[in-house]
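Structure provided below as structure tokens; questions to follow.
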Amino acid sequence: MTRSQRADLAAGLPWDVAVREMMKEADMMVLLISGGLTSWAMREIDAARNSKVPIVPVVIGIMSELPQQIEGLKHVNLKESAKPDEIAHAASEITSAIKVLPHKKTAS
């Protein structure tokens with residue numbers, strides 16, 4: 001979703017409604033995981049799944065784990081990445097995952 005599309009969301013809109021609206025336009029969801037998932041993160045995952053938006057989990061931090069709710073998804077592991085070449089490799093993995101995903105057509 002572009003910045004202008006986000007600006008079209010009404011001020012004061014409940015967050016869960018706003019997330020559902022954003023998912024209608026999203027090509028994918030990159031989910032950064034550093035620790036456990038909050039209830040809001042789970043709602044966002046549910047919104048993505050309900051909208052059939054692909055999810056690319058990125059696990060960050062040595063103590064982080066891929067949550068059971070999404071452990072079946074291919075993920076990018078940055079748990080122990082502190083070196084620039086490791087981070088560059090992970091960025092390449094994320095880019096590759098994005099390239100193979102189908103993209104929604106935008107209205108002109």
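For region 44-64, give me the residue count where each residue is within 26 Å of TRP15 (Cα to Cα) and more than 12 Å from the chain's Cα centre (by Cα). Walk me through how you get there before you give the answer.
Let us first name the residues in region 44-64 that are within 26 Å of TRP15 (Cα to Cα), namely 44-60, 64.
Checking which are more than 12 Å from the chain's Cα centre (by Cα) leaves us with 50-52, 60, 64.
Here the count works out to 5.
If the requirement is being modelled with pLDDT of 80 or more, β-branched (Val, Ile, Thr), touching a Lys or Arg at 6+ places or on another chain (Cβ under 9 Å) and in a strand (DSSP E or B), which of these qualifies: VAL59, VAL30, VAL19? So that I can check it myself, show each step before the final result.
Numbers: VAL30 fails: touching a Lys or Arg at 6+ places or on another chain (Cβ under 9 Å); VAL19 fails: in a strand (DSSP E or B).
Answer to the selection: VAL59.
Among what's in region 72-102 and is under 23 Å from ASP27 (Cβ atoms), assigned to a loop (DSSP other than H, G, I, E, B) and over 14 Å from the mean Cα position of the chain (by Cα), pick the residue that is modelled with the highest pLDDT.
Here the residue is GLY72.
Per-residue answers, yes or no, for (1) among the acidic types (Asp, Glu); (2) farther than 22 Å from GLU93 by Cβ; (3) surrounded by fewer than 12 Cβ atoms within 10 Å (Cβ to Cβ):
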| residue | (1), (2), (3) |
| --- | --- |
| GLY12 | no, yes, yes |
| GLU21 | yes, yes, no |
| ASP27 | yes, no, no |
| VAL30 | no, no, no |
| GLY36 | no, yes, yes |
| ASP46 | yes, yes, no |
| ILE55 | no, no, no |
| MET63 | no, no, yes |
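The values are calculated or read from the model by the stated rules, or taken from the named source; none is laboratory data. Just so it is clear, the model here is predicted, and its values are computed rather than measured. Ideal geometry is used to build each Cβ from the backbone, glycine not excepted, and the neighbour counts take in all protein chains shown.
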